Amino acid sequence: MPALSEVIAALDALWPPAGAESWDAVGTVCGDPEAEVSRVLVAVDPVREVAEEAVALGADLLLTHHPLYLRGTTTVGAHTFKGRVVHTLIKHDVALHVAHTNADRADPGVSDALAGALGLRVTGPLAPDPDDPAGRRGIGRLGELPEPMSLAAFAQYAAERLPATAQGVRAAGDPDAVLRTVAVCGGSGDGLFDAVRAAGVDAYLTADLRHHPASEAREHAPLALLDAAHWATEWPWCAQAAAQLDAISDRYGWDLRTHVSRAVTDPWTAHATSGPHPDHSGAPN
Ligand SMILES: [Zn+2]
């Protein structure tokens, strides 16, 4: 069985920590480098439900996409919810390791998994890394749909192919517009509209599209927008990461058992569809 330090060295080769954004907090949150690892759980969010799943599974390592602590802290006391996660993990000898924007940027990265879930043929990164001569690393991905489809059809198709969430998929644009090319970005992608416009794609699918960036993008050009739940756009990465770790385990004869958490940790849990309004007197200005 490999030591945690050996497994982490392999993860760092897949997703080099130097590739993370300067504001990010990637790497090992807790864990003994000399501890043996045989079972790994991969998840998007290091929340209590996932920590408890790792313990119930007998995992030695929990690998998550989102950091537990993004900013500095002065306590890991169990009176805080993040400290409770740390206590739960340490008490049961579960290490926590984070691959966040370094996994976004990698080849393959988080948006490759999203593109794969949508059946896109990836043609390159949306915002390529200037220091990658091969032009494969970077944030987001550009791709072609398996066949042209209307925005209405693509929204339904995406909702069916991504894991189920309360939000589903929102869309903006002419429902009958025919789409051939799509940019995707797992997670919050509304800072990438310049790159999306430069790419000249028919549609952009990401998460957390806020009012102003979305409204301005729609005013700018007839670009179709699709907004999925943040968790749903990143969850496909978990299976991709587990498969990468399985391949490494086979190569080194580690015999690791990898698992993907199916816990839906998107914070939104309900969705009500607006009904026809008798009048709009109560509508906000
Ligand atoms: Zn995210």
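Where a number appears in this text, it was derived from the coordinates with a stated rule and is not lab data. Please read these numbers as outputs of a predicted model, since none were measured by experiment. Backbone-built Cβ (ideal geometry, glycine too); neighbour counts: all protein chains shown.
Counting only helices (runs of 4 or more DSSP H) wholly contained in segment 184-276, the ones carrying 3 or more residues that are within 16 Å of the ligand (Cβ to nearest atom) and either within 13 Å of the chain's Cα centre (by Cα) or surrounded by 23 or more Cβ atoms within 10 Å (Cβ to Cβ) (or both) occupy 230-252. Here segment 67-82 is the region considered, the condition is being without any contact (Cβ under 8 Å) to a residue 40 or more places away in the chain and in contact with a strand residue (DSSP E or B) (Cβ under 9 Å, 6 or more places away or on another chain), and the residue that is farthest from residue 238 (Cα to Cα) is 76. Of everything in segment 175-223, what is touching a residue at least 60 places away in the same chain (Cβ under 8 Å) and in contact with an Asp or Glu (Cβ under 6 Å, 6 or more places away or on another chain)? Give them in sequence order. Scanning segment 175-223 gives 186, 187.
For beta carbons closer than 9 Å, sequence separation of 6+ or different chains, a first residue in segment 126-150 that is closer than 16 Å to residue 193 by Cα and without any contact (Cβ under 8 Å) to a residue 24 or more places away in the chain and a second that is among the charged types (D, E, K, R) and surrounded by fewer than 18 Cβ atoms within 10 Å (Cβ to Cβ), the qualifying pairs are 128/136. Within segment 141-161, identify whether any single residue is closer than 26 Å to residue 63 by Cβ and among the acidic types (Asp, Glu), and answer yes or no. No, because not a single residue in segment 141-161 is closer than 26 Å to residue 63 by Cβ and among the acidic types (Asp, Glu). Screening residue 167 with (1) of a type in the set (S, T, N, Q); (2) within 16 Å of the ligand (Cβ to nearest atom); (3) over 22 Å from residue 65 (Cα atoms) gives one miss only, at (3).
Which of the residues belonging to segment 98-128 are in contact with a strand residue (DSSP E or B) (Cβ under 6 Å, 6 or more places away or on another chain), away from the ligand (no atom under 16 Å from the Cβ) and not aliphatic (A, V, I, L, M)? Correct list: 119, 121, 123, 124, 125, 128.
Among the residues of segment 44-70, those that are within 16 Å of the ligand (Cβ to nearest atom) and not polar (S, T, N, Q) comprise 44, 45, 46, 47, 50, 63, 65, 66, 67, 68, 69, 70.
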